[in-house]
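One structure below.
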Amino acid sequence: MSGAALKRTLLRHPGLARPAVVAGMFLAWEIAARWWIDPAFLSPPSKVVASLGELFATKGVPAALRITLWELGVAFAISVVIGLVVGLSVGLSRFANRTGMPIILLLYGIPQITILPLFILYFGIGPPSKIAFGVTHGMFPIIVTIVAGVQNIKPILMTAAHSMGASRWQIFRWVIFPHMIPSFFAGMRLGMTGVLLGVLLAELYVSTAGIGYYTQLFTQSFNPTMLLALVSVLAGMAIVLNEIVRRAEIHFGRWRS
């Protein structure tokens with residue numbers, strides 16, 4: 001196949017280009033790690049994959065993965081509930097929007113890492129502080145995107161539903177929720193990334209368990225192979241969670257197609 005024909009094929013089928021791009025990135029990483037970069041700072045991907053068995057056999061790592069996954073799940077669920085309730089409350093009320101939205105944006109703009117000591121002071125060094133810190137990172141993107149999604153609903157749809165005698169639940173179920181699905185799930189994806197960041201930051205700074213603790217441990221011991229293996233596991237967890245959200249979006253938004 002000529003170069004031009006290959007290019008046309010990749011343009012028509014972007015799904016074929018993605019594996020090629022990923023393979024190229026891993027190949028470049030493998031070459032750079034083996035020939036140019038000090039192995040004390042970067043390990044080749046082949047060595048990282050081979051070390052996954054050793055990672056799971058390391059004492060404390062499987063328990064740390066379970067703890068972090070549990071913290072992520074709880075923090076994400078709380079973020080979605082708070083984000084949905086506050087987002088709808090602010091988005092559907094003009095008074096609440098004018099009053100509360102500037103405050104929400106102000107709180108969203110505060111660097112969360114600066115108030116981490118307060119969370120440790122209030123919730124201790126156990127899982128509650130990691131969950132609470134993850135919630136502060138995850139709920140604001142959900143709130144902001146839900147407010148934007150609700151405000152984009154055409155007023156004539158709400159007026160028509162009222163004129164036909166629809167109840168508040170029916171208006172939410174058949175008018176508001178379907179039209180805010182893209183914004184809601186976009187916010188969930190952003191919130192999931194924020195929750196992951198918040199939980200790991202809290203574990204990095206104050207923790208004797210969880211993935212963040214072992215990330216710091218492998219970094220301080222100059223063990224890039226185990227560190228990258230742990231990061232690979234984290235990436236896998238994030239991909240799985242993102243795929244769950246994507247499939248939920250397809251399920252609830254199938255009417256749009």
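If you take the residues in region 116-143 that are loosely packed, with under 13 Cβ neighbours inside 10 Å and among the aliphatic types (A, V, I, L, M), which one is farthest from the chain's Cα centre (by Cα)? The qualifying residue farthest from the chain's Cα centre (by Cα) is 121. Within region 165-215, being among the polar types (S, T, N, Q), touching a helix residue (DSSP H, G or I) at 6+ places or on another chain (Cβ under 6 Å) and modelled with pLDDT under 80 holds for one residue alone: 207. None of 37, 78 is surrounded by fewer than 19 Cβ atoms within 10 Å (Cβ to Cβ) and part of a helix (DSSP H, G or I) except 78. Considering region 150-164, and only residues there that are over 30 Å from residue 243 (Cα atoms) and in contact with a helix residue (DSSP H, G or I) (Cβ under 6 Å, 6 or more places away or on another chain), the residue that is surrounded by the most Cβ atoms within 10 Å (Cβ to Cβ) turns out to be 161. Answer with yes or no whether residue 51 is modelled with pLDDT of 80 or more and within 30 Å of residue 186 (Cα to Cα). No.
The values are calculated or read from the model by the stated rules, or taken from the named source; none is laboratory data. In this text, all values refer to a predicted model and were calculated from it rather than measured experimentally. Because the Cβ atoms are built from the backbone with ideal geometry, glycine has one as well, and the counts that use them run over all protein chains shown.
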